[in-house]
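Below is one structure, written out as structure tokens, with a few remarks after it.
The values are calculated or read from the model by the stated rules, or taken from the named source; none is laboratory data. These figures come from a predicted structure and were not determined experimentally. Don't worry about glycine lacking a Cβ; one is built from the backbone with ideal geometry, like all the others, and counts go over all protein chains shown. These area figures cover heavy atoms from the full protein model, side chains too; ligands, DNA and RNA do not enter into them. Shrake-Rupley method; radii C 1.70, N 1.55, O 1.52, S 1.80 Å.
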Amino acid sequence: MIFRLLFLVLIWFGVCNAFAQTYVPGESYFDDNGYVEYLAGNLPIIITAPHGGLLTPASIPDRDCAGCSVVNDFNTQELARAFAQAVHARTGCWPHVIFNKLHRRKLDANRDIVEAADGNPDAESAWYAFHAYVETAKNQLLPQFGKGLYIDLHGHGHAIQRLELGYLLSKAELALQDATLNTPFYVDQSSIRHLAGNNVQGLSHAELLHGSQSLGELLAQRGYPATPSESDPFPDEDEDYFNGGYNTARHSSYQNGALDGLQIECNRNGIRDSMHNVLRFADSLSVTVMDYLGRHFFGSADGFLCGMSSTPPEISLLDRLLVYPQPYCYQFAVKKSRQAPPGNWTLGMYDFYGNLLEMHALDDNMELTLNPSPPGHVWLVLWVDGEMKGMRAIFRFCR
Ligand SMILES: [Zn+2]
């Protein structure tokens, strides 16, 4: 038990160090073992490639958990890299990209830690590094842009050659009437929950899923059929379809926050079957994603392209408070962002019944580690110079 705690503490220092570092857009950074790569960015876009790794170190035994998949998604690491390069070629800016470089036999970076690492400490540390880098990317882009898009990139082996976009809604849910899909009950289960209530044209949730300006339809119009989209609004009951996994649930606005996300499962023919097709699709995806961000998130490219931002979005004081990881499982850390205005900051941590658990002063550069006891969802309440500035829910999520 002590060793496990010590291990977690070491991991935690790793996370904090990763956070304290300055990242140069377009440069790659690695965890200690070189199993996870973070290509730093300066756009409000995060891509993860959890199933495209090729490393098979003998020191990590093959995962053999019951029912666990060990099959890689062919050419998805290459596709994520090609996407980043295509975006850079067109804009001069970089998306944030996180690669799991381990083969899925060693680590499945789209599962909870138990199934992901199958108990191996090196695989567990790679899992922590993978998610810490996603948090690092979030913690850079959200204070700057106020929102962003996360894509978890995969490849499927299903018979129908189309992109499967996963918004955490099932086939049956996608087939519901638009009026039903637009009710809070379904919006709250969606990985584009934040966008559904905050988009430039005031489109509804259903329109964003399968309307004429949905991501699926924009891709279909560029020659890459996708579901859901206007032309293929939902998969039929007897058709195979992936609706999003652990990463989409963990890192999208489904939990809370302003980072919308989805899983993109790429078919093989015409996309992943040759490097020529990988590059061609990466270029189309880059154009489509920039178009999508302009239409629905920022109104125009000026709002999000690096170095072109004329009027940075208004950021609330609460957004100057960095909390990570969020959701947490064992503990979380809190610190002021570099842009936080001066003043005496005080934080109260309350349980969900409103009982005060702890009260702390938060000085500049101070990193406060909180271990709610008993562990559970908590509220953080922020005071600056004695005036209450707001509260934020911190969710506990272990699976
Ligand atoms: Zn996959």
J(HN,Hα) series, the range 234-241, from Karplus relation 6.51 cos²θ - 1.76 cosθ + 1.60, nearest Hz, glycine and proline x:
7, x, 5, 3, 8, 9, 5, 6
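Looking at this model, which pairs from 336/389; 335/389; 138/389; 106/138; 106/171; 101/147 are more than 24 angstrom apart at the alpha-carbon? Write out the running numbers ahead of the final one.
Working: 336/389 14 Å; 335/389 16 Å; 138/389 22 Å; 106/138 26 Å; 106/171 31 Å; 101/147 28 Å.
Checking Cα-Cα distances, 106/138; 106/171; 101/147 exceed 24 Å.
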What figure in square angstrom, to the nearest 10, would you give for the accessible area of residue 276 with a 1.4 Å probe?
130
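Counting each DSSP H run of 4 or more residues in the chain as -39500 (n - 2.57), what helix-only mean residue ellipticity at 222 nm follows after dividing by all residues, to the nearest 500 deg cm²/dmol? Write out the running numbers ahead of the final one.
Values: 12 runs with 119 residues, N = 399.
Result for the chain, helices only: -8500 deg cm²/dmol.
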What fraction of the DSSP beta bridges in the chain is antiparallel, stated in percent and rounded to the nearest 5?
65
Along the Cα-to-Cβ line of residue 242, 7 Å from the Cα, sits a label point; which residues in the range 100-132 have backbone N less than 11 Å from it?
109-111
Label-point separation (nm) for residue 21 and residue 395, each offset 7 Å from Cα along Cα-to-Cβ?
2.9
Over all pairs of distinct alpha carbons, what does the Kirkwood formula give as the hydrodynamic radius of the chain, in Å?
21.7
For residue 155, other-chain or 5+-apart residues with amide H closer than 5 Å (H placed, Pro excluded) are 266
Under a 5 Å amide H to amide H cut-off, with H placed in plane at 1.01 Å, what residues pair with residue 150 once short-range neighbours are removed?
46, 260, 261, 262
Starting at the first residue of the range 27-43, write each ³J(HN,Hα) from the Karplus equation 6.51 cos²θ - 1.76 cosθ + 1.60 with θ = phi - 60°, in whole Hz, x for Gly and Pro.
9, 9, 10, 10, 6, 4, 8, x, 8, 10, 10, 10, 8, 6, x, 9, 10
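Carbon and sulfur: what percent of the chain's accessible surface (1.4 Å probe)?
Working: 8840 of 16670 Å².
So the carbon and sulfur contribution to the accessible surface is 53 percent.
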Taking the Cα centre as origin and putting +1 on Lys and Arg beta-carbons and -1 on Asp and Glu beta-carbons, what dipole magnitude results for the chain, to the nearest 20 debye?
660
Give the long-range amide H neighbours of residue 31: residues separated by 5 or more places, or on another chain, with amide H under 5 Å away, using H modelled in the peptide plane at 1.01 Å from N.
36
Using only Cα atoms, locate the centre of the range 98-132 and the centre of the range 248-279, then give the distance between them in Å, rounded to an integer.
18
Karplus (6.51, -1.76, 1.60) ³J(HN,Hα), θ = phi - 60°, over the range 363-368, in Hz, Gly and Pro reported as x
7, 4, 6, 8, 10, 9
Distance-filtered residues of the range 335-362 - backbone nitrogen under 18 Å, label point 7 angstrom along residue 139 Cα→Cβ
335-341, 347, 362
Quick check: Cα centre of the range 136-178 to Cα centre of the range 323-356, how many Å?
28
